[in-house]
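This report concerns only the one structure given below.
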């Protein structure tokens, strides 16, 4: 499957009537992949009140951290980066998160570095959205 420069999807099988069964088969395959991806989403993943509580400050250990304000572009980039990195088997580091956020936001390393990413991760840890993992396991 490829994407064309016009933004449309190219199935690379032509547009003639003879190709209609192949087009339908490929469309069915795409639909099945999409439905399988949807089936992996658990409806109770986000509690009813979680979105309301995200902007409130929280604590990690004895450290108080700010909330997660999804109205801020930076936090939306962080959420997108966390989602992109979450399938990694061994987890990800603050440096990897910073790199992903910079790629999404077109920022320089001085604008969004590992230190800022570590703080953002701490906010997510305080809300129990992410957790540290032991790389030795």
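Sort 117-127, 75-85, 101-111, 13-23 for me by packing, meaning the mean count of neighbouring Cβ atoms within 10 Å per residue, highest on top.
Highest mean packing first, the order is 117-127, 75-85, 101-111, 13-23.
Grab the alpha carbons of the range 45-126, take their convex hull, and tell me the volume per residue in Å³.
104
Every read-out reported here was derived from the displayed coordinates using simple, explicitly stated rules and does not represent laboratory data. Keep in mind it's a predicted model, so treat the numbers as computed, not measured. Using ideal geometry, Cβ is built from the backbone for each residue, glycine included, and neighbour counts are taken over all protein chains shown.
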